[in-house]
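To start, the structure itself, in structure tokens.
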Amino acid sequence: MLYNGLLIFHSFFRWVVLFGLIFNLLTSFYKYKLQYSFKIKDYLIAKFAVILCYIQAVIGLSLYYLSPFVKSFYQNTNLNIHNREIRFFSIEHSLMMLVAIIVITVGTRKSKSSKNGFKVIFIWFFIAIFIILLNIPWEFSPLVHRPLLR
């Protein structure tokens with residue numbers, strides 16, 4: 001019951017996270033091109049996107065510990081390492097999403113002390129969004145797929 005509820009929320013909340021990240025990406029590109037000066041307000045908007053990612057990560061880590069895929073993976077790692085779906089949710093998805101969150105965090109931190117804060121956010125968020133988009137189990141993915149909304 002808890003697992004299914006968290007899974008539904010995690011699936012829905014990814015859209016909130018993606019919207020926040022893409023909003024920051026587009027805004028930073030626009031403001032960089034128009035040569036706006038980076039202010040504390042801009043840093044706080046980026047920080048809000050980071051907080052959304054942290055919330056999603058906590059939900060994801062909770063799912064990780066409750067997941068039947070992960071339990072199955074660790075019960076027989078040698079066999080399950082060859083099962084694409086089990087390996088994806090046990091290793092690939094989790095690890096790459098944590099990498100993306102680290103990239104977002106570092107980029108936001110660097111933007112605070114940079115003269116080109118918008119450029120820094122754009123570059124780091126672009127990399128993170130790329131990682132995230134590659135590691136979401138999209139409905140159309142030939143590798144591992146899930147519905148867009150549960």
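Might you let me know whether the range 93-104 holds any residue that is in a helix (DSSP H, G or I) and touching a residue at least 60 places away in the same chain (Cβ under 8 Å)?
Within the range 93-104, one or more residues are in a helix (DSSP H, G or I) and touching a residue at least 60 places away in the same chain (Cβ under 8 Å).
Checking residue 78 against (1) of a type outside the set (A, V, I, L, M, F, W, C); (2) without any contact (Cβ under 8 Å) to a residue 40 or more places away in the chain; (3) touching a Phe, Trp or Tyr at 6+ places or on another chain (Cβ under 6 Å); (4) surrounded by fewer than 21 Cβ atoms within 10 Å (Cβ to Cβ): exactly one of these is not met. Which one?
(3)
Do any residues in the range 1-23 that are within 18 Å of residue 51 (Cβ to Cβ) have Cβ atoms under 7 Å from those of residues that are assigned to a helix (DSSP H, G or I) and aromatic (Phe, Trp, Tyr), where the two are at least six apart or on different chains, and which pairs are they?
20/48; 21/125
Within the range 53-75, how many residues turn out to be buried (at least 18 other Cβ atoms within 10 Å of the Cβ), more than 16 Å from residue 4 (Cα to Cα) and either polar (S, T, N, Q) or touching a Gly at 6+ places or on another chain (Cβ under 9 Å) (or both)?
Final tally of qualifying residues: 1.
Looking only at the range 28-52, which residues are without any contact (Cβ under 8 Å) to a residue 60 or more places away in the chain and closer than 15 Å to residue 104 by Cβ?
Within the range 28-52, 44, 45, 48, 50, 51, 52 qualify.
Quick check on the range 70-89. Is at least one of its residues under 17 Å from the mean Cα position of the chain (by Cα) and either among the polar types (S, T, N, Q) or at pLDDT 95 or above (or both)?
no
Looking only at the range 27-34, decide whether some residue is out of contact with any Phe, Trp or Tyr (no Cβ under 8 Å at 6 or more places or on another chain) and outside any helix (DSSP H, G or I).
Scanning the range 27-34, I find at least one residue that is out of contact with any Phe, Trp or Tyr (no Cβ under 8 Å at 6 or more places or on another chain) and outside any helix (DSSP H, G or I), so the answer is yes.
Select from the range 6-52 the residues that are polar (S, T, N, Q) and closer than 17 Å to residue 133 by Cβ and write down the one among them that is surrounded by the most Cβ atoms within 10 Å (Cβ to Cβ).
24
Might you check whether a residue that is in contact with a helix residue (DSSP H, G or I) (Cβ under 8 Å, 6 or more places away or on another chain), surrounded by 14 or more Cβ atoms within 10 Å (Cβ to Cβ), small (Gly, Ala, Ser) and not in a helix (DSSP H, G or I) occurs anywhere in the range 128-135?
no
The values are calculated or read from the model by the stated rules, or taken from the named source; none is laboratory data. Nothing here was measured: the structure is a model prediction, and the numbers come from that model. Every residue, glycine among them, receives a Cβ derived from its backbone with ideal geometry; neighbour counts consider all protein chains shown.
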